[in-house]
Amino acid sequence: MQVEDKYLNPFTDFGFKKLFGMEPNKDLLIDFLNELLRRDEGEIKDITYLSPEQLGRTIGERKAIFDIYCENAQGEKFIVEMQKAKQNYFKDRSVYYSTFPIQSQAQKGGWDFELKSVYTVGILDFVFDEDKGSNQVFHHEVQLFDKSIQAVFYDKLTYIYLEMPKFTKTIDELETHFDNWLYALKNLENLTDRPTKLQESIFNKLFEQAEIANFNDDEYSEYEESLKIYRDLKNSFDTAREEGRGEGRREEKITIAGKLKQQNIPPEIISQSTGLPIEKIEKL
């Protein structure tokens with residue numbers, strides 16, 4: 001496969017980590033997070049990347065592998081993930097993943113249980129099933145809520161989801177720096193020239209890092225493979241869903257998994273996308 005686009009697809013594993021998961025490009029992630037969060041506590045000045053692989057407390061416990069895991073100078077933790085395809089129990093997975101940075105804060109001795117904030121950010125290339133009938137809200141910010149008094153109960157655990165298919169603003173409709181970020185992420189792969197509204201200095205770097213012509217041979221090969229997996233995953237999901245509309249949810253998942261396996265998608269990715277155990281996928 002020869003890549004003909006000028007800029008990379010940020011929804012690929014390689015593309016997302018190239019832009020946001022590398023130390024030389026952490027200013028891109030900092031700027032994006034500051035625009036996303038707009039916190040009263042102040043802007044994030046710096047971040048430190050942490051190991052994306054988090055082990056369970058015992059050998060038998062399941063580990064978690066994040067796309068990006070980092071913390072700021074105050075010790076607040078940030079999980080940032082690009083989710084390419086719909087996954088069964090995706091919200092459950094988000095909650096499960098958030099327990100790792102919570103548990104990592106445990107201290108021996110006379111610890112008083114004070115925790116630093118944890119943020120889980122999901123940039124989604126799909127729409128939640130319950131939101132399909134509405135295009136009004138694409139930016140979801142979730143915290144523990146006390147229904148009896150209609151107020152936030154605990155503000156140190158935050159889940160943020162961006163349903164990118166719902167972001168439909170044209171270049172002429174962009175109003176804020178955050179709008180510019182969302183437009184760039186959603187349309188980057190299809191751009192041939194930089195729009196006038198994306199001439200800010202931070203986007204100078206974004207486009208420079210995203211330009212495929214600047215890749216070395218190893219980066220190009222890695223991106224090529226990552227793009228193939230992304231496209232096969234999307235095509236297989238679309239085809240399997242069309243063929244499985246009249247089937248039950250379990251049968252549909254098996255159909256999708258079978259088609260993904262035919263495309264040589266790694267079992268781990270199939271498992272994340274369908275919720276099926278790796279052992280069952282390997283038997284298909």
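The values are calculated or read from the model by the stated rules, or taken from the named source; none is laboratory data. Here the structure is a predicted model, which is why all the values come from computation and not from measurement. Quick reminder, even Gly has a Cβ in these numbers, built from the backbone with ideal geometry, and neighbours come from all protein chains shown.
Give me the residue from segment 172-217 that is of a type in the set (Lys, Arg) and within 20 Å of Phe11 (Cα to Cα) and, out of that set, nearest to the chain's Cα centre (by Cα). Going through the qualifying residues, I end up with Lys186. Scanning segment 171-190 for residues that are touching a residue at least 24 places away in the same chain (Cβ under 8 Å) and within 22 Å of Lys6 (Cα to Cα) yields a total of 6. Among residues of segment 23-73 being among the hydroxyl-bearing types (Ser, Thr, Tyr) and under 30 Å from Ile278 (Cβ atoms), the one that is modelled with the lowest pLDDT is Thr58.
Among the criteria (1) farther than 30 Å from Thr176 by Cα; (2) assigned to a loop (DSSP other than H, G, I, E, B); (3) of a type in the set (Asp, Glu), the one Asp92 does not fulfil is (2).
In this structure, does Leu162 turn out to be in contact with a His (Cβ under 7 Å, 6 or more places away or on another chain), in the same structural domain as Glu130 (by TED's automatic domain parsing) and among the aliphatic types (A, V, I, L, M)? Answer is yes for this residue. Just checking, does segment 218-225 include any residue being touching a Pro at 6+ places or on another chain (Cβ under 8 Å) and touching a residue at least 40 places away in the same chain (Cβ under 8 Å)? No, segment 218-225 contains no residue that is touching a Pro at 6+ places or on another chain (Cβ under 8 Å) and touching a residue at least 40 places away in the same chain (Cβ under 8 Å). Residues that are of a type outside the set (D, E, K, R), within 25 Å of Asp155 (Cβ to Cβ) and surrounded by 16 or more Cβ atoms within 10 Å (Cβ to Cβ) within segment 21-46 comprise Leu29, Ile30, Phe32, Leu33, Asn34, Leu36, Leu37, Ile44, listed in sequence order.
Against the numbered list (1) free of Cβ contacts under 8 Å to residues at least 40 places away in the same chain; (2) surrounded by 19 or more Cβ atoms within 10 Å (Cβ to Cβ); (3) in contact with an Asp or Glu (Cβ under 6 Å, 6 or more places away or on another chain), Val127 comes up short only at (2). When Phe138, Phe113, Phe126, Phe178 are checked against the criterion of being at positive phi and not charged (D, E, K, R), a single residue qualifies: Phe113.
Those strands (runs of 3 or more DSSP E) of segment 117-226 in which 1 or more residues are under 30 Å from Gln105 (Cα atoms), of a type in the set (Gly, Ala, Ser) and at pLDDT 95 or above occupy 118-124, 151-163.
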